[in-house]
Structure formats: structure tokens, C-alpha cells
Amino acid sequence: MSNKPARKKGSSSAKRQKAAQAVPAKTVQGVSAEQLYGAEPGEDNLLFKRLFWGMFIFLSAFLLFTAPQTGINGDEKFHDEYSEKLVDYYLSFGKNTAVLYEKEESYQKYVKYYGGFFDLTTGLINRSLGFEPKDPGYQHVRHLFNAGLGILILFFSGLFVRDMGGYRAGFIGFLLLLASPRLLGHAAMNPKDIPFAAGYVISMYYLYRCLKAMPRPSNKEIIGFILGAALAIGTRAGGLLVLIYTAMFLGIDFLLRNRLSFDQDWRKNLLRYAVFGLGAGIVAFVLAILFWPYALQSPIKHTLEALALFSKFDVRIRVLFEGSNIMSNVVPAYYAPRWMSITIALGVLAGILGSLVLIRNMMKRFGPMNVIVVLFAGLFPVLYIVAKHAPLYDGWRHLLFVYPLLLIAAALFWEMMVRRTTGKQIAAIAVWAVLGLSLLDATLFVIRNPFYSYTYFNPLAGGEKGAFGEYESDYWGVSVKQAVEWMEDQNILSPQMTDTITIGTHFYYNVIRSLDPAYSGKVKVEYVRFGSRYTKAWDYGIFPTRFIRGPHLRSGKWPTSRTIGKITANGVPLTVIERDETKDAAAGEAALAKQDWATATQHFQAATTDHPDDELGWIGLANAYNSQAKYPLAESAANEALKIAPDDEKGLYALGIAQLNQGKEPEALASFQRIIEVNEEISIAHYYLALLYQRRNDLTLALKYAQQSVQYNPKFKAGYELTATIYDLLGDSGNATRYRDAAAKLK
């Protein structure tokens, strides 16, 4: 394959060369732009130019096709409301201040800390079209706009690679983007991380172009940088990072080009650098906060407040990581790198690692500053998060913004490998074959699972099957839309329904927004926690894997025999549709609530006979037996539940109570200890551990667990009373009185 350029007069390469020639070749004291940023690539091979633009058009069309058909994510309920309040704020010229969430105490209070560019723009479009959040068109508008920002990521990532390495390198970059399931999946439905990633890559591209053209960048390049930085800051306060990068790289570029001559040209150039850095940064910041009501109230204070909040986000979410369900604030420092290593295509990973190993060669080929800018912008945020041990959840979606930069480095690495095979046909075929094979798995996943490609795992994780029960898959419940469509295909849901159907789910908003408005009054949706899904009666259940414990998924007992339909990715369940015909488990729960133990026992016995793989039927039966002092039977039922869901706290609790009441104190101690290993916030488990250690006369441990029982539940009266008793036994009457008084104040 020939690498000789096929130039034409007026070609894009000629234009880029002309722009490069406009930059002074070398200052008296410093390093030339060509030495810092490399010569223009000159790779205008007509074939690769066509392939470059062809791949861009194909990927853009793919995103526009998938976006309307992709389900909403679990966080969109917060942003739909934010969008409506933003529109009200601006249309009222700031009089309607509901968007500031001044009295909000729930998770919704955090939404005001996000810039409002995406939600305001889509909100205005939806309002003008007459769409409300309940309308399907409302989410179509949001997802298509999301896809548009994804297309910007594709476009500027491709330009970045092309400008550094030519059209062939740009084509390789688009091949890597096609094999980027996580990015493409999020580009269809993520209104937080995709706009931020778009702003980040746009600003970094134009920063690179401005640096190369300093001290006189063109107006187009300056405006491009300002708009990119404004989009990043106007989405998330972390976009200020772009301005910090700008100051740093401007300083490095200036010193390398001008050294410390302190002559007249030096001072003029310094002024130009300062005007660009400060002027562009200030304009970008002002543009950003125009879309951000909370920042408008106090631009500096509230922006820094948002930045501080997201650097130590205090929302605690239980996540599945390496087979264990842990809280997001205690994930290990390597959480993000581990996630990235098992969800990025092997060819992209190889390119990233190769660019680091051969960084000196990369700098010689593509210009030292080019490579440094790309790798620094791609790696620094990851290394910073690892060093700060920041709380994270939902995989590495919060770091999606670095992925385009890392992919650019990977594409340049593969371009360098291809260049090394010039004149060596067999070697060239080998390099292209290795590249293609290393991307094949991820590319096929995108094609097979276009509407939830963000659930991809690479061969290092054993694919989707290897990751099942070890890591979160569809953590945002995007596949709920396909579950509803499956029910429609089976004629379970249709406008012609005569009976009302109740759907139980722990992804309420996803389900309610996926239903056809024509079903209004004919379908009732009930929110139920997965671990207590029979506290309400339902006809059909829609249950994504999120919030199902890893050991339960790995036990082989899920999906259960109640399952009538599954939405899968490469054969692995993402969401299941269940049917509850008899509702025995729900009737048993209702009888337990009424303390009708005999009736509860009958219903749970029927439930476990019909569905022996449903852990909640066994747990309900164990609770019914415990309430009737039938402790051996309760122990047996609890053990059956734990075979299905080994880490279920309710099953462990029922087992511990049954063991304790049979005098099996060592076994009970182990059961309650296991509960707090699974979830340390279960107050009652701490209480029983304190009671057991008190019986053993180990008052130090007894006091520790008694205090923790009230720490995790400040309204737990029995915990205060037990703590007071233990203090009496220790001879500390002062603390005993204090805890006893606290107990007396509780009902």
C-alpha cells in the first residue's frame, strides 16, 4: 500500500501547510513550532481520505439511529425535572427560582451543581414542540441532542488524529471509535458525561491548534477553544481543568520558543500569550455560567463549591465490584483503572500502552508537544483520581471525557506501527490483521447490541459471561425499554387491554417513561425494592440486574422460574420480565404484617413449592416459622434461601435468630457477623452481636457493637438500653445513665 501523498492544489493538506508556514519558523533564542509540534503530516492518500469521511458518516448515522431507540438511564428522572425548572427560570427572567432547589433534601439537591447547557437547550426545544416528560418525543429530543454531542466527539477526535498523523491515522482513529462500545452506548443517552467529554475534546483540539499557531492563533481557533471550554464548564465545574491546562501549556510553549531573552519581542509575545490565555478563559467562563443558574447567583463561590462537591462526592451508592457489593465511598483506589482495563477494546488498550512504552518514538514522529498534550490530558485526570482515592460508582463513566484523548494516542501508535512497515507487504498485512482482530470483539458487540452497547466487557474480563455477578452490567437500566417492548410483542401490553396490569420494578422511572401513553389507566407501576419485591402485589415484574447482589447472580438461581422473558447482551441477562400468577409470596408478606403466622406459613409454603429458586419465599417462610417458635424449620428455610442468595441480609438475619433461639450461639454469632460484613449499616445485627458477646462476658466487644447499633440507627431504643446495661456491668454509671436517658426519650 502506497503512502505517497496524492496532493491536489487547494487540498486540505495544502491549506494546513499554508497555515503552518504562517508561523515563524524559529525565534532567535527558542525552539521552532515545527520542532515542537512536528511537520504537517501530508497524508492525503485519496483512499484513506474517503475512508476517513466514510467512517465518520457511518458512525454519525449509527448514533442518530440508535439514540431514539435507546432506553432512558436511571438518572434522567433528575435531569428531566432540572430541564423543566431551567426553562421556567429563564422564561421568567430569573423570577422562578425553583431550579435552585433551596429546600431540597434528597439526591435531587445535587442537580443544581451541574451546568445547565444540555438540560436548558433540550428543555427549550421540548417546550417549543409541546412535549412533556411523559411524552416519548421528550426523550427522543434529549437522546438525539445527546447523539449530536457524541458526533462532535467523533468529529474532533478524528480531526485531532488527522491533523497529527494524516488521513490514514484518522481512519484508524475511527476504527478505534467503532470499537468503543462504552463511548457509543453513553453517547445515545448520557446527558452528564457526554456533553462534558465533547467540551473537553473540542477545547483540547483547539488548544493544540492555538499552541501551534502562537503567538497569533486565528480567530477560528480562538473561538473554537472558547466554545469547547464553555461547553465543558457549562456541563460540569471540572471543566475548569481545561483553563488550568491552558495556562500550563501556554507557559511551557512560551518558554521553549522564547527562552529568557527579555528583549522587546519577548515582551510582546508574552503579552499576546497572556491576552489569549486570560481573555479566552474569562470569555469561556462567562459563557458557561450563562446556562447555569446556581453559578449565576455567585459565579466564583458557587463554581468552587460545585468543584469541591464533585471532588469528594458524598452520595453513597452500593456497587458491584470484583464480586462484592461495596459502598461507592470505599471503593479501592484502582477502581477506575480496573474498570477501564476490562471494558476498553483490546486494540485500544494496546495502543494506549504502546504509546506510553514508545513515547520517545511517538514524540519524534508526531511532535513532542502534540504527544505530551494528548497523553497529559488523557492520563492526568485518571492518575489524580487514583491518587486522591476519589469515591466513584457506575464504572468509569465519570472519566469518559479522557477516553477520546487516550484513543487519539492509541490511533497514533497504530499509525506509527503501519509506517514502520512501509515497503514490507507481509509486515503491513500483519499489523493491519492484528489491529483488526484486536478490535473485532468490541465491534461485533456494538453491532449485536446497539441499544445498550455500554454494557460491554472485553476478553480480559471473560466477556459478559465472565463479568456476570462480578461487575455491574446495565447499571442504568437502559434495557428496561426493550423489556417493555418485549411485553408489547407478546401482547401483554396493548392499547386494547381490558384488565389493569400492575408492574413491579425497582427502576420505576425507566418503566413509567417507557410505557405508551395509550396505556394510561390500564397499567399501574409499583416501585418495589428488589430485596423486598413482594411487599406489594404485582402481575408482572421488570427487574434489571442492578442492585442484585453478586453472589445471588453467580449462584445460578437467577433468573428464577418466574421469568417469562429476558433482555440479554451476548446471551447474558440484563433485565428479566417475571410473572406472578398466584401472588402467594405477596399474600404471605401481607399476612406477616398482620401477624397472622399460620396464613403466612401456608402462602410461603405454596410459593416455595411453585418457585423453589425464589429466595424471598424461603425467607418469608423462615420468618413465619421463627414467629411461631419453630426454630429448626426456620433454620432449614433460611438455609434454602441462602443457597440462592448467599449474602442476603434478611436471610442471614432469619438464620441467626433461628440459631440463637436453639442455643447455637457460635453459629448465630457467625450469621450476625456475616450480615455486617455484607452491610455494616444493619443496626439489628450489631445489637445481636453485642448481646452474644455480653453473654460471653466479653464486655469490650459487647460495648463496641452496642454503640454501633445506635450509631447506625439513632432511634433504636433497645440499642440504647443494651448499651446502658453494658456500661453498668463495666461500672460506668455515668455513661449508663446517659444512654438510659436517651432511650427514655424515644418511643
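Laid out as a table, the results:
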item	result
Solvent-accessible ranking of Tyr534, Tyr687, Tyr334, largest area first, probe 1.4 Å	Tyr334, Tyr687, Tyr534
Per-residue SASA entry for Ile282, accessible area with 1.4 Å probe, Å² rounded to 10	110 Å²
Accessible area in the full protein assembly, largest first, 1.4 Å probe, for Asp119, Asp584	Asp584, Asp119
Net lengthening on full extension, Asp516/Ala247 (0.36 nm per residue, minus Cα-Cα)	91.7 nm
Solvent-accessible area, 1.4 Å probe, carbon plus sulfur percent, for the chain	58 percent
In degrees, nearest ten, helix 76-91 long axis to first principal axis of the chain (Cα)	60 degrees
Lys49 accessible area, assembled protein chains, probe 1.4 Å, Å²	60 Å²
Per residue accessible area of region 195-285, 1.4 Å probe, in Å²	39 Å²
With DNA, RNA and ligands ignored, accessible area of Val373 (1.4 Å probe; Å², nearest 10)	0 Å²
C-alpha long axis of helix 649-660 to longest principal axis of the chain, angle in °	30 degrees
Theoretical ellipticity at 222 nm over the chain - DSSP helices of four or more residues, -39500 (n - 2.57) apiece, nearest 500	-19500 deg cm²/dmol
Summed residue charge, Cβ within 15 Å of Ala744's Cβ, Lys/Arg positive, Asp/Glu negative	+4
Å² of accessible area per residue within region 547-599, as computed with a 1.4 Å probe and no ligands counted	43 Å²
For the chain, size of Cβ-based charge dipole, Lys and Arg +1, Asp and Glu -1, in debye	3540 debye
Residues whose placed amide H lies under 5 Å from that of Glu526, excluding near-sequence neighbours	Ile503, Gly504, Thr505
Three-way shape call for region 574-645 based on the alpha-carbon gyration tensor, with the a/c threshold at 1.5	oblate
Sequence of Thr246, Thr535 when ordered by accessible area, the most exposed leading, probe 1.4 angstrom	Thr535, Thr246
Difference of contour (0.36 nm per residue) and Cα-Cα distance, Lys747 to Leu307	154.2 nm
Folded to 0 to 90 degrees: helix 219-233 orientation relative to the chain principal axis, Cα	10 degrees
Relative contact order (percent, whole number), the chain, Cα cutoff 8 Å, 6+ residue spacing	11 percent
Principal semi-axes in Å for region 631-740 [√(5λ), Cα gyration tensor, largest first]	27, 14, 10
Reachable lysines from Lys268, criterion Cα separation under 26 angstrom, eight or more residues apart if same chain	Lys18, Lys26, Lys212, Lys220
Globularity ratio of the chain, using Cα Rg and 2.2 N^0.38 Å	1.10
Pair-distance profile P(r), taking every C-alpha pair of region 529-615, with 5 angstrom steps and integer %	3, 14, 23, 26, 17, 11, 5, 2, 1, 0
Low-density loop positions, trypsin sites (Lys or Arg not before Pro), region 223-332 - DSSP coil, at most 13 other Cβ in 10 Å	Lys312, Arg316
Candidate lysines - alpha carbon under 25 Å from Lys536, same-chain residues fewer than 8 apart omitted	Lys77, Lys134, Lys481, Lys522, Lys524, Lys557, Lys566, Lys583, Lys594, Lys643, Lys650
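The values are calculated or read from the model by the stated rules, or taken from the named source; none is laboratory data. Since this is a predicted model, take the numbers as computed values, not measurements. With ideal geometry, Cβ positions are generated from the backbone for all residues, glycine too; neighbour counts draw on all protein chains shown. The accessibility values were calculated without ligands, DNA or RNA, using every heavy atom of the protein model including side chains. Shrake-Rupley method; radii C 1.70, N 1.55, O 1.52, S 1.80 Å.
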